[in-house]
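Take a look at the structure below.
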There are 2 protein chains.
Amino acid sequence: MTILSFLGAASRAFRTAPASSKLLLLCTLSGGSLVAYSDSNKEKENQKKKVVVLGTGWAGISFLKDLDVSCYDVQVVSPQNYFAFTPLLPSVTCGTVEARSIVEPVRNIVNKKKGEVRFWEADCVKIDTANRTVLCKPVFGDDPTVDKEFSLEYDYLVIAVGAQVNTFGTPGVLENCHFLKEVEDAQRIRRGVIDCFEKAVLPGLSEEQRRTKLHFVIVGGGPTGVEFAAELHDFIREDITKIYPTVKDHVKITLIQSGDHILNTFDERISSFAEQKFLRDGIDVQTGCRVVGVSDKDISMKIKSTGEVCSVPHGLIVWSTGVGTRPIVRDLMEQVGQGKRRVLATDEWLRVKGCQNVYAMGDCATIDQRKIMEDIAAIFEAADKDKSGTLTREEFQDVVDDILVRYPQVGLFLKSKHLMNVTDLLADAEGNAREEVDIEGFKLALSGVDSQMKSLPATAQVAAQQGAYLAQCFNRMKQCEEQPEGPMRFKDGSHHQFRPFQYKHFGQFAPLGGEQAAAELPGDWVSAGRSTQWLWYSVYASKQVSWRTRVLVVSDWTRRFIFGRDSSRI
Amino acid sequence: MTILSFLGAASRAFRTAPASSKLLLLCTLSGGSLVAYSDSNKEKENQKKKVVVLGTGWAGISFLKDLDVSCYDVQVVSPQNYFAFTPLLPSVTCGTVEARSIVEPVRNIVNKKKGEVRFWEADCVKIDTANRTVLCKPVFGDDPTVDKEFSLEYDYLVIAVGAQVNTFGTPGVLENCHFLKEVEDAQRIRRGVIDCFEKAVLPGLSEEQRRTKLHFVIVGGGPTGVEFAAELHDFIREDITKIYPTVKDHVKITLIQSGDHILNTFDERISSFAEQKFLRDGIDVQTGCRVVGVSDKDISMKIKSTGEVCSVPHGLIVWSTGVGTRPIVRDLMEQVGQGKRRVLATDEWLRVKGCQNVYAMGDCATIDQRKIMEDIAAIFEAADKDKSGTLTREEFQDVVDDILVRYPQVGLFLKSKHLMNVTDLLADAEGNAREEVDIEGFKLALSGVDSQMKSLPATAQVAAQQGAYLAQCFNRMKQCEEQPEGPMRFKDGSHHQFRPFQYKHFGQFAPLGGEQAAAELPGDWVSAGRSTQWLWYSVYASKQVSWRTRVLVVSDWTRRFIFGRDSSRI
């Protein structure tokens, strides 16, 4: 009895005492049971599944922020030890916002969580899905002692490495263009713009040469290109011309877009508002032009309508179009049998197709949405409970919820057809409701649905939602193993462990300069003008990853209002 | 009469009308008189003396700020288009203050003035004193169209190019050390420090290797080296160890000083206060050590007392000692017959010795103070008005003011001897006042004076005062030509055009970290501790070159108090 009560007291003390006194307590006891304890403790630690996260962009950080790291042994690999708020990169190019105001160290973000996350500043150079390891290489090229590759084992691998720039094979782009994907790019552009002005005012240049130096070309009329053009125009008009008055009339900004309109992923009212704004601002928008080559002096483009190729001299080019696959992802695609695809494909649960326990999200992957027509027979069979060979409205109604979750394109189709009820799909050609359909009728009813499938855009919004979604799945991994919460598998009647990822579009902004912005808001609202710019300010301030960056970004904006932008070349 | 009144009206209109209407007016008239007008106007413009300023550091900017640019045709050449508040560079290395908060574009500074100042972002590669031209090369190495050298003519040349780092020929320093002279240096150090921590936490390193990576070595115990050591210690203790907890006990900071004490230009109370503070902080101060070689792994030093050479591995070295002459200045020295000197010499009016109309100030030159003993005979002769061969107290009193201005070492000598009155110099060996001295007695009386001559330190304070002084000389060039305000030339009794430059020491600060600073204040006051740090904050805020940088620096300090320093590697 006394022995038992001693052990009980010891065990209670053990649980409540801090680590150092535990050691002391252990030393006062003896024998095999303690060795067993420490072993089982280690084993328990080892039982924690190893999660390796590649990349610390929107998807990776959003995943890490929401993940319950106490349940996993988490390691993060990224060549950058910070997260950058990329939507503000165009502002950084002109000094409206400082580079340091939009970055937050990864360790600061993950240290706020309970449990440990280890971070390695390294590039992942090889993913080995067979051995479940990733090979990493530190990014300090100059130091041989730390230049050794190391490998990390994983139980789950989360790939969120983002995309690289895509030149579409255009010659000379890599050598002669600036890009706008990283913080360093933005800093380089800032120095480049100032350089152009310093060059243009040098003595001994002809007027023609001065004009060339101050010809800024932006390739790509998407949100980034348009925002950069607007920022550059504001910077030059509000700040630069005051201090380089002799060359202010030599400046020209050209925006080259291969499509017929700039901002063509936006509502066309926004697109034409932007075009008119740029026309008033004197920004030359060249639509229907494809860049065919770039040299250190000229940029050549082909006018699509006439086939004519023309060449103009430039001072600085920013290439902001195209999303390309990184070599590490390309290598993985070969391994998992996706070698012929352009982009890494995942299923609706963000799992990389063709391998186990590997997830991919953000710009480095696309979700390969399952077509409803591929499963149409199974759906029919599963729905036709009485095996009558026909589907009644009631039978269809029973599976509708699962269909809507598993095949979100059905919902989009209904919306596009302005149908209120899913069962209206079963109506005949004249629109009269039918009580029953056979398999052929069912196929016909759903035949247009898959055309509604669209791959998600490569935006921060999508990546952040994917990261948060995946973290929720990881957090409820065990729980959902026992109680699956996903839709029915029509083939065998069982359920998917999780609901598939579904993107919610909260709208998008396009700042157009001069304190004006255009926005597409939820519910198909469109808004443009000064009030929208203020909405933009408040949304972007609120979306910051930390209070530090929030304060810094707002104070940068304030500073710009009071003192303008700095034109020191640092 | 009508013709005369027409001409009068036209002439009035001409004076009040803007440039474009002047042209119109010119076109409505005709004949030789107008050509003569435009010629004479051009001539008047040409009559403006051409001033070329090399460099935009403390001396150059201070000169430009005070110069009346409407009287001169001013051109500025500098490889940097900004002025940097260099005393805050150590703060930039650790992110206490952001780089952009301490820089101000040169054009912003000079644009505030009436009259035009032209600025060229270029390196001066050759000064040709014979032809009064400087050859400049733009700093954009990658662009052949603007890579052409251009030359500028000058009537007056102001050299304020600063100094370069001096390695004292120590092998490996240039390749393996960081310096702390430019803004870019500070930014590189900041990235370097973060890199060391990222390297040290990588997997697969031995404890020894981790310790090596986190061994920060500072060479030079002057104000810059000490301040950097203090900043680094604060950065690591307050911010870095929180986010790299696993290696916080591996960090070591070593400060190597060749002298016996750090801060040896300061009062010795400050020097010992600093040493004690560093001892408490765990900063290893190695005095009496001279660095003899640096490799990418080790730094070798010789302990002066024992002659022993030891070698320690390092993670990062900052070399903050020595002032070297730039090649362009070295080349000028050869031209003007100063080839054997170490540093470019100017006279007390900042005029480069050995050539005409060339001025030099700041770290690139030293003032070669005229010894009183060289002129002693002429002084005696000029003072001995009655040519009696002896100097009475009254006769001496008459020339004392001129002597004190021309030979400031006399004042220093009086101060060092605690003499109240200059004529006390004439006292005999026993200290008894004498009524008369002969030439030998006069020589004897002044024999100790020249030992008080000291060259000025290479500080921002000296450079700024020199710039302001020279601008005042330039502004009153004409006025002082007619009415010289300088002291008497003893040889011929005429007067120097200007008073010679005289440095006023307003004290100096040494921030020691942990919100403590030491200061030498005017009147031989010494202060150290927290209140001094607050004094430092207020002085440095008030000394900022513009309201923009003032607000930014103060908001950076505030940000640091609230959020700490950022450790993103950008």
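Each reported figure results from applying straightforward, stated rules to the coordinates on display, with no laboratory input. Small disclaimer: the values here were computed from a predicted structure and weren't measured. Reconstructed Cβ throughout: ideal geometry from the backbone, glycine too, with neighbour counts over all protein chains shown.
List the pairs from A:K277/A:K304; A:K50/A:K478; A:K213/A:K248; B:K113/B:K543; B:K504/B:K543; B:K50/B:K137 whose alpha-carbon separation is above 22 Å, in the order I gave them. Kindly include the intermediate steps, with their values, before the conclusion.
Details: A:K277/A:K304 24 Å; A:K50/A:K478 15 Å; A:K213/A:K248 12 Å; B:K113/B:K543 19 Å; B:K504/B:K543 16 Å; B:K50/B:K137 19 Å.
Long pairs (Cα-Cα over 22 Å): A:K277/A:K304.
Between B:K543 and A:S272, how high is the FRET efficiency from 1/(1 + (r/R0)^6) when r is the Cβ-Cβ distance and R₀ = 51 Å? Nearest 0.05.
0.45
List the trypsin sites (Lys or Arg not before Pro) within segment B:440-476 that fall in a DSSP loop (any state other than H, G, I, E or B) and whose Cβ has at most 11 other Cβ atoms within 10 Å.
Details: sites: B:K443, B:K454, B:R476; in loops: B:K454, B:R476.
Loop-located and lightly packed - B:K454.
The H on the amide N of A:D123, modeled in the peptide plane, is under 5 Å from the matching H of A:K137, A:V139, each at least 5 residues off or on a different chain.
By the beta-carbon count within 10 Å of each Cβ, the least crowded to most crowded order of B:H505, B:H215, fewest first, is B:H505, B:H215. Reducing segment B:219-281 and segment A:375-402 to their Cα centroids gives an inter-centroid distance of 77 Å. Within the same chain, lysines fewer than 8 places from B:K371 are excluded, and of the rest, those with a Cα less than 17 Å from its Cα are B:K353, B:K443, B:K454, B:K491.
Only sites in a loop by DSSP and with at most 10 other Cβ atoms within 10 Å count here; which trypsin sites (Lys or Arg not before Pro) in segment A:500-570 make the cut?
On the way: sites: A:K504, A:R530, A:K543, A:R548, A:R550, A:R559, A:R560, A:R565, A:R569; in loops: A:K504, A:K543, A:R565, A:R569.
Of the trypsin sites (Lys or Arg not before Pro), the ones in loops of segment A:500-570 whose Cβ has at most 10 other Cβ atoms within 10 Å are A:K504.
Applying a DSSP loop filter and a limit of 13 other Cβ atoms within 10 Å to the chymotrypsin sites (Phe, Trp or Tyr not before Pro) in segment A:238-280 leaves nothing. The same position A:A541 in the other copies lies at 2.3 nm from this copy, comparing label points 7 Å beyond Cα toward the beta-carbon, shortest first. Which listed residue (A:T129, A:P87, A:F119) has the Cα farthest towards the positive end of the charge dipole for chain A, taking +1 on Lys and Arg C-beta and -1 on Asp and Glu C-beta about the Cα centre? About the Cα centre, the residue reaching furthest to the positive side is A:F119. Take B:K248, move 7 Å from Cα toward the beta carbon, and the resulting point lies 5.4 nm from the same point in each other copy, nearest first. In this assembly of identical copies, the label point of A:A377 (Cα plus 7 Å along Cα-to-Cβ) is separated from its counterparts by 12.3 nm, sorted shortest first. Charge dipole of chain B (Cα centre as origin; +1 on each Lys and Arg Cβ, -1 on each Asp and Glu Cβ, all else neutral): 1840 debye, rounded to the nearest 20. In the protein assembly as shown, a dipole from Cβ-located charges (positive for Lys and Arg, negative for Asp and Glu) runs towards its positive end, and of B:Q483, B:P171, A:A518 it is A:A518 whose Cα lies farthest in that direction. The residue among B:V251, A:I236, B:H261 whose Cα reaches farthest toward the positive pole of the charge dipole of the protein assembly as shown, with charges on the beta-carbon of Lys, Arg, Asp and Glu, is A:I236.
For the residues B:K302, B:K114, what sequence is obtained by ranking on other C-beta atoms within 10 Å, fewest first?
Numbers: B:K302 17, B:K114 7.
Going from least to most buried by this count: B:K114, B:K302.
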